[in-house]
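Written out below as structure tokens is the structure these notes cover.
The values are calculated or read from the model by the stated rules, or taken from the named source; none is laboratory data. These numbers come from a predicted model, not from an experiment. Neighbour counts run over all protein chains shown; Cβ positions are idealised from the backbone, glycine included. Ligands, DNA and RNA are excluded from the accessible area calculation, which covers all protein heavy atoms including side chains. Shrake-Rupley method; radii C 1.70, N 1.55, O 1.52, S 1.80 Å.
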There are 2 protein chains.
Amino acid sequence: MEQLRQTLKVHHLRTTTCREDVLSTFINKKNALSHGDLEGALGENYDRVTIYRTLKTFLEKGIIHKVLDDEGLRYALCSHSCSEEKHQHDHIHFKCNACGETNCLENQHIPAVQLPQGYKPENFNLLIQGTCPKCNN
Amino acid sequence: MEQLRQTLKVHHLRTTTCREDVLSTFINKKNALSHGDLEGALGENYDRVTIYRTLKTFLEKGIIHKVLDDEGLRYALCSHSCSEEKHQHDHIHFKCNACGETNCLENQHIPAVQLPQGYKPENFNLLIQGTCPKCNN
DNA sequence: CTTTCATTTGCAACGGTGTTGCAGTATTTA
DNA sequence: TAAATACTGCAACACCGTTGCAAATGAAAG
Ligand SMILES: [Mn+2]
Ligand SMILES: [Mn+2]
Ligand SMILES: [Zn+2]
Ligand SMILES: [Zn+2]
């Protein structure tokens with residue numbers, strides 16, 4: 001709780017209940033969340049637009065990162081300290097086709113790839129879909 | 001032109017001008033296209049909904065595949081013969097931050113990755129963002 | 001060539017997504 | 001405690017993606 005405020009302070013953001021609640025939702029649920037998920041969890045308390053703007057701000061500040069999806073964007077916490085300037089990730093995202101959850105596999109790095117002449121890669125995003133350990137018996 | 005009809009026939013789809021036009025748009029422009037791109041190109045001639053349904057049908061039949069993006073889904077031709085049953089791709093997609101184009105790098109395969117116990121991967125989607133050869137001087 | 005039947009299309013309508021402008025409210029700082 | 005600044009809620013808007021249904025079209029058969 002005090003931790004949350006600290007995180008906001010570090011990123012030069014004012015402490016507001018919406019930001020605290022969005023941040024703690026990300027921490028509690030550990031999987032990637034869509035705007036709709038957050039609206040479902042917090043929509044009684046905050047306006048739709050405020051949640052959007054909170055996500056946008058968190059993105060800019062390097063508190064969360066986008067997670068690609070074949071049916072709508074999601075977001076997840078940046079575990080390592082990203083900042084406004086440097087927003088770098090190289091871990092794999094896994095989406096379970098059974099339970100629908102998408103998770104960061106922080107320890108699984110995207111392998112290096114060889115690109116043809118002239119391509120300057122800057123950012124990598126690997127989504128693997130399949131069945132997660134919970135759903136795979 | 002006769003080629004197009006052949007493709008539709010192979011997939012047991014009736015020949016309609018909308019399907020021909022959507023298909024030839026994919027063939028002419030070689031990059032990945034969003035629904036909006038197609039509406040821009042063909043919207044005078046066909047209803048929005050018809051274009052959506054054409055994309056959906058082409059997806060199901062294995063004529064096109066989804067290309068993930070951080071700001072809206074795109075679609076691209078399946079170069080190898082995908083079918084309704086088997087829809088497999090393992091090539092890399094590259095999005096240029098300068099010109100905005102996204103392209104299939106058909107010859108660049110996604111490297112194998114090691115996943116923790118219990119994960120059963122089925123589908124891989126790697127998007128690399130950066131600068132493409134055209135924009136990189 | 002015409003008829004028939006299944007498929008495809010256009011239109012209307014709806015709910016979700018993502019953004020902006022602006023007035024009012026809350027937080028910070030001093 | 002007051003002033004300056006940042007944040008929120010509301011209204012409004014432009015896309016996105018889907019569905020139901022009646023009309024139009026294409027394929028196949030007579
Ligand atoms: Mn992640
Ligand atoms: Mn592709
Ligand atoms: Zn699962
Ligand atoms: Zn480019």
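For every residue, the table says whether it meets (1) open to solvent by less than 30 Å² (accessible area, probe 1.4 Å); (2) over 20 Å from B:His93 (Cβ atoms); (3) within 16 Å of ligand 3 (Cβ to nearest atom); (4) outside any strand (DSSP E or B).
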position: A:Tyr75; (1), (2), (3), (4): no, yes, no, no
position: A:Cys82; (1), (2), (3), (4): yes, yes, no, yes
position: A:Glu85; (1), (2), (3), (4): no, yes, no, yes
position: A:His93; (1), (2), (3), (4): yes, no, yes, no
position: A:Glu122; (1), (2), (3), (4): no, no, no, no
position: A:Leu126; (1), (2), (3), (4): yes, no, no, no
position: A:Gln129; (1), (2), (3), (4): yes, no, yes, no
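One residue stands out in the stretch B:103-120 among those that are of a type in the set (A, V, I, L, M, F, W, C) and open to solvent by less than 40 Å² (accessible area, probe 1.4 Å): the one that is farthest from B:His93 (Cα to Cα), namely B:Leu115. Looking at B:Ser83, is it under 11 Å from the mean Cα position of the chain (by Cα) and more than 16 Å from ligand 1 (Cβ to nearest atom)? So B:Ser83 fails the test. Against the conditions (1) more than 16 Å from ligand 1 (Cβ to nearest atom); (2) closer than 21 Å to A:Asp70 by Cβ; (3) of a type outside the set (Lys, Arg), A:Glu122 satisfies every one except (2). The conditions are (1) under 19 Å from the mean Cα position of the chain (by Cα); (2) within 30 Å of A:Gly100 (Cβ to Cβ), and B:Pro111 fails exactly one of them. Which is it? So the condition that B:Pro111 fails would be (1).
The rows are residues; the columns are (1) within 25 Å of A:Cys132 (Cβ to Cβ); (2) free of Cβ contacts under 8 Å to residues at least 40 places away in the same chain.
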{"residue": "B:Asp69", "(1), (2)": "yes, no"}
{"residue": "B:Gln88", "(1), (2)": "yes, yes"}
{"residue": "B:Glu101", "(1), (2)": "no, no"}
{"residue": "B:Leu105", "(1), (2)": "no, yes"}
{"residue": "B:Ala112", "(1), (2)": "yes, yes"}
{"residue": "B:Leu115", "(1), (2)": "yes, yes"}
{"residue": "B:Glu122", "(1), (2)": "yes, yes"}
{"residue": "B:Leu127", "(1), (2)": "yes, no"}
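For the stretch B:81-122, a residue qualifies if it is more than 9 Å from chain A (Cβ to nearest Cβ) and of a type in the set (Ser, Thr, Tyr), and the qualifying residues are B:Ser81, B:Ser83, B:Thr102. A single member of B:Ile27, B:Ile63 is of a type in the set (A, V, I, L, M, F, W, C) and exposed (fewer than 13 other Cβ atoms within 10 Å of the Cβ), and it is B:Ile27. Can you find a residue that is closer than 30 Å to B:Ile128 by Cβ and assigned to a helix (DSSP H, G or I) anywhere in the stretch A:40-50? Looking through the stretch A:40-50, none of the residues is closer than 30 Å to B:Ile128 by Cβ and assigned to a helix (DSSP H, G or I).
Would you call B:Glu39 among the acidic types (Asp, Glu), at pLDDT 95 or above and open to solvent by less than 50 Å² (accessible area, probe 1.4 Å)?
no
Every condition in (1) exposed (fewer than 12 other Cβ atoms within 10 Å of the Cβ); (2) within 12 Å of DNA strand C (Cβ to nearest atom); (3) within 14 Å of another protein chain (Cβ to nearest Cβ) is met by B:Asn45 except one, and the failing one is (3).
Assess whether A:Ala32 counts as being in contact (Cβ under 8 Å) with a residue 60 or more places away in the chain and closer than 22 Å to B:Leu126 by Cβ. Spelling it out, A:Ala32 is indeed in contact (Cβ under 8 Å) with a residue 60 or more places away in the chain and closer than 22 Å to B:Leu126 by Cβ. Looking across the stretch A:1-22, the residues that are within 15 Å of A:Glu60 (Cβ to Cβ) and among the basic types (Lys, Arg) come down to A:Arg14, A:Arg19.
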